[in-house]
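Q: Pasting in a structure now, in structure tokens, and then I'll have a few things to ask.
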Number of protein chains: 2
Amino acid sequence: MNGVHVLPLQGIPEVRPGDDLAVLVGDAVERAGGLEEGDVLVVSQKVVSKAEGRVEQSGDYLGAVLREARAIRRRRGEFVIADTEHGFVCASAGVDRSNTLGDGWLVLLPRDPDASAAALRDALAARFGIAPAVVVSDSFGRAWRQGTTDVAIGVAGMRPLLDLRGTQDARGYELSSTVIAVADELAGAAELVLGKAAGVPAALVRGYRVPAGEGSARELVMPAERDLFR
Amino acid sequence: MNGVHVLPLQGIPEVRPGDDLAVLVGDAVERAGGLEEGDVLVVSQKVVSKAEGRVEQSGDYLGAVLREARAIRRRRGEFVIADTEHGFVCASAGVDRSNTLGDGWLVLLPRDPDASAAALRDALAARFGIAPAVVVSDSFGRAWRQGTTDVAIGVAGMRPLLDLRGTQDARGYELSSTVIAVADELAGAAELVLGKAAGVPAALVRGYRVPAGEGSARELVMPAERDLFR
């Protein structure tokens with residue numbers, strides 16, 4: 001069947017600090033029938049952070065947000081839009097109140113989400129003999145638009161941007177000026193099966209040819225000199 | 001097979017003003033094996049606009065952009081971020097230079113993309129006996145992030161936002177505060193098979209349960225009073 005298929009990875013238990021996420025995800029991949037060449041694994045930031053111990057018990061949510069922030073873009077009371085250390089712009093500098101660890105537990109972004117993605121890729125390659133591209137995803141709000149969409153905060157085994165500049169379209173009429181944030185679209189596609197209430201923290205996207213190469217999700221960050229909304 | 005499947009709708013010819021897009025898309029749906037209950041049709045704004053005659057031949061690209069804009073957010077020479085009449089915030093107020101109609105042709109956004117989506121939905125329902133949800137998609141840049149992602153500018157037969165506020169998560173620990181822009185994620189997922197150079201202007205997303213009801217893509221527009229980036 002042609003097209004792109006998004007498979008939920010089911011049966012992954014609640015992730016706790018110190019868990020080996022690659023084993024938990026690998027077991028779910030095995031239950032789903034294993035990896036195929038070209039698969040993209042999308043895994044939710046929350047389980048990556050938990051496995052890496054990027055959690056803390058603190059009653060001071062706002063303090064954690066301000067500590068994790070490199071810069072504040074906007075603030076209305078406890079609602080803060082901030083730049084993270086990685087350069088991402090998002091609500092609360094990526095700090096989430098945990099819904100599973102218990103009262104007062106906070107989940108912070110991974111220190112290096114690209115490295116988190118690379119570690120998962122390497123572990124799955126060793127287990128299955130096929131190295132998937134990996135996207136670590138998080139739910140970000142957007143300027144001007146309601147609702148969150150999942151985007152990529154870490155990638156491995158792919159370039160996050162599909163650069164069509166200099167290519168001709170199907171009719172050969174014109175060079176394209178388009179750069180597509182495919183890692184974000186992959187994260188959003190995976191969110192359709194992850195769901196926020198379903199207990200499915202990872203998915204495989206099958207049948208999409210990712211832009212080849214080694215990239216970083218930091219390429220998705222608008223450089224300051226091109227940022228009209230700083 | 002569980003999960004979500006994104007099927008490209010192939011063989012749709014170049015769309016010209018006056019073409020019956022519902023027939024062209026319907027023929028492609030038929031070639032793809034017909035509709036299934038719950039399918040979401042995602043169709044690129046560009047072919048919707050062309051079919052509706054929202055094109056013009058003009059050497060004055062910037063003039064068209066400024067005319068289509070209700071307000072300018074930022075401007076750097078010919079690069080304009082503007083509010084459209086519909087309330088969307090995007091580059092060039094949605095005006096594209098055509099890559100197929102010929103030199104100097106511009107494609108404008110549909111006047112009422114929700115109505116465009118509803119017309120496609122009704123025509124396909126009449127032909128196939130199944131009414132798909134329909135998303136009209138366009139490629140938008142984002143504040144702070146590089147690259148475009150496809151988002152919804154028109155919807156029919158679904159609500160564009162999945163509102164999880166007031167629901168409990170899988171573990172029952174906490175009420176969620178999440179509203180997910182699923183229509184945008186569906187548009188982005190479809191873009192993975194649309195491609196910019198592939199001549200595939202529409203796709204079916206199968207296996208995703210859309211939020212039930214009748215909605216408008218204008219629900220995706222951040223209301224002015226909540227817009228921190230106006």
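Q: What does the copy distance list look like for A:Arg209, label position 7 Å along Cα→Cβ, in nm and ordered from shortest?
A: Between copies, matching label points for A:Arg209 lie 3.6 nm apart.
Q: Further question: Which of the three applies to segment A:71-203, rounded, prolate or oblate, going by the alpha-carbon gyration tensor with a ≥ b ≥ c and a/c under 1.5 meaning rounded?
A: Working: a/c = 2.04, a/b = 1.28, b/c = 1.59.
It comes out oblate by the Cα gyration axes.
Q: While we're on this one: So which residue, out of B:Ala51, B:Ala156, B:Ala187, gets the largest mean-square fluctuation from a GNM of chain B using Cα contacts under 10 Å as springs?
A: It is B:Ala51.
Q: Taking the Cβ of each residue in B:Thr149, A:Thr100 as the centre, tally the other Cβ atoms inside 10 Å and list the residues starting with the fewest. It would help to have the intermediate numbers written out before the result.
A: Working: B:Thr149 26, A:Thr100 18.
By the 10 Å Cβ count, ascending: A:Thr100, B:Thr149.
Q: Right, next: Per DSSP H run of at least 4 residues, take -39500 (n - 2.57); add these up for chain B, divide by its residues and hand me the 222 nm value, nearest 500 deg cm²/dmol.
A: Working: 5 runs with 55 residues, N = 230.
Taking each H run of at least 4 residues, the total per residue is -7000 deg cm²/dmol.
Q: Can you find, among B:Pro13, A:Val200, B:Thr167, the residue sitting farthest towards the positive end of the charge dipole of the protein assembly as shown, where Lys and Arg contribute +1 and Asp and Glu -1 at Cβ?
A: Working it through, the farthest residue towards the positive pole turns out to be B:Thr167.
Q: Using a Förster radius of 22 Å, what is the FRET efficiency between B:Asp60 and A:Thr178 based on their Cβ-Cβ separation? Nearest 0.05, please.
A: Numbers: r = 23 Å, r/R0 = 1.03.
Taking R0 as 22 Å, the efficiency between B:Asp60 and A:Thr178 is 0.45.
Q: Defining the label point at 7 Å along Cα→Cβ, can you sort the distances from A:Glu85 to the same site in each other copy, shortest first, in nm?
A: 5.0
Q: Hey, what did segment A:55-109 get for relative contact order, percent, Cα under 8 Å, at least 6 apart?
A: On the way: 94 pairs, mean separation 19.6, N = 55.
The value is 36 percent.
Q: On to the next question. Mind listing which GluC sites (Glu not before Pro) in segment A:1-76 are in a DSSP loop and have 13 or fewer other Cβ atoms within 10 Å? Write out the running numbers ahead of the final one.
A: Values: sites: A:Glu14, A:Glu30, A:Glu36, A:Glu37, A:Glu52, A:Glu56, A:Glu68; in loops: A:Glu14, A:Glu36, A:Glu37, A:Glu52.
Loop-located and lightly packed - A:Glu36, A:Glu37.
Q: State whether chain B is rounded, prolate or oblate according to the following rule on the C-alpha gyration tensor (a ≥ b ≥ c being the square roots of its eigenvalues): a/c under 1.5 gives rounded; otherwise a/b larger than b/c gives prolate, and the remaining case gives oblate. Don't skip to the answer; put the middle values down first.
A: Details: a/c = 1.97, a/b = 1.12, b/c = 1.77.
Because a/c hits 1.5 or more and a/b fails to exceed b/c, chain B counts as oblate.
Q: Exactly which trypsin sites (Lys or Arg not before Pro) in segment A:179-225 are in a DSSP loop and have at most 14 other Cβ atoms within 10 Å?
A: Details: sites: A:Lys196, A:Arg206, A:Arg209, A:Arg218; in loops: A:Lys196, A:Arg209.
Within segment A:179-225, the qualifying trypsin sites (Lys or Arg not before Pro) (loop, at most 14 other Cβ atoms within 10 Å) are A:Arg209.
Q: Oh, and also: Multiplying the sequence separation of A:Ala71 and A:Arg218 by 0.36 nm and subtracting their Cα-Cα distance, what value in nm do you get?
A: Values: separation 147, 0.36 × 147 = 52.92 nm, distance 1.65 nm.
That pair, A:Ala71 and A:Arg218, stretches by 51.3 nm at full extension.
Q: With contacts defined as alpha carbon pairs under 8 Å and 6 or more residues apart, what's the relative contact order of segment A:1-119 in percent?
A: Working: 149 pairs, mean separation 26.3, N = 119.
Relative contact order for segment A:1-119 comes out at 22 percent.
Q: Which FRET efficiency value, to the nearest 0.05, is calculated for B:Val23 and A:Glu225 with the Förster distance at 56 angstrom and r the Cβ-Cβ distance?
A: Values: r = 48 Å, r/R0 = 0.85.
Calculated transfer efficiency: 0.70.
Q: Quick check on the exposure proxy: order A:Val43, A:Val135, A:Val65 from fewest to most C-beta atoms within 10 angstrom. Provide the component values of the computation, followed by the final result.
A: Working: A:Val43 27, A:Val135 33, A:Val65 22.
Sorted ascending by nearby Cβ count, the order is A:Val65, A:Val43, A:Val135.
Q: Put a label point 7 Å from Cα along the Cβ direction on B:Ala71, then list its distances to the equivalent points in the other copies in nm, shortest first.
A: 2.4
Q: Right, here's the next one. Which of A:Asp20, A:Asp39 comes first, and how do the rest follow, when ranked by fewest Cβ neighbours within 10 Å? Numbers along the way, then the final one.
A: Details: A:Asp20 11, A:Asp39 23.
Going from least to most buried by this count: A:Asp20, A:Asp39.
Q: If I take the Cα coordinates of the protein assembly as shown and project them onto the principal axes, what are the three extents in Å, biggest first?
A: 61, 45, 42
Q: Also: Calculate the mean, over all residues of peptide B:100-107, of how many other protein chain Cβ atoms lie within 10 angstrom of the residue's Cβ.
A: 1
Q: Using the Karplus equation 6.51 cos²θ - 1.76 cosθ + 1.60 (θ = phi - 60°), what ³J(HN,Hα) coupling, rounded to whole Hz, does each residue of segment B:20-36 give in order, writing x for Gly and Pro?
A: 8, 4, 4, 6, 4, 5, x, 4, 5, 4, 4, 4, 7, x, x, 8, 10
Q: Continuing with this model, one more query. Roughly how many debye, to the nearest 20, is the charge dipole of segment A:1-83 about its Cα centre, given +1 on each Lys and Arg Cβ, -1 on each Asp and Glu Cβ, and no other charges? Display every interim value, and only then the final one.
A: Working: 11 positive and 14 negative charges, 146 e Å.
That gives a dipole near 700 debye.
Each value in this text was obtained by applying a stated rule to the coordinates, not by laboratory testing. If you're wondering where the values come from, they're calculated on a predicted model, not measured in any experiment. Neighbour counts are summed over all protein chains in view; Cβ atoms, including those assigned to glycine, are modelled from backbone coordinates with ideal geometry.
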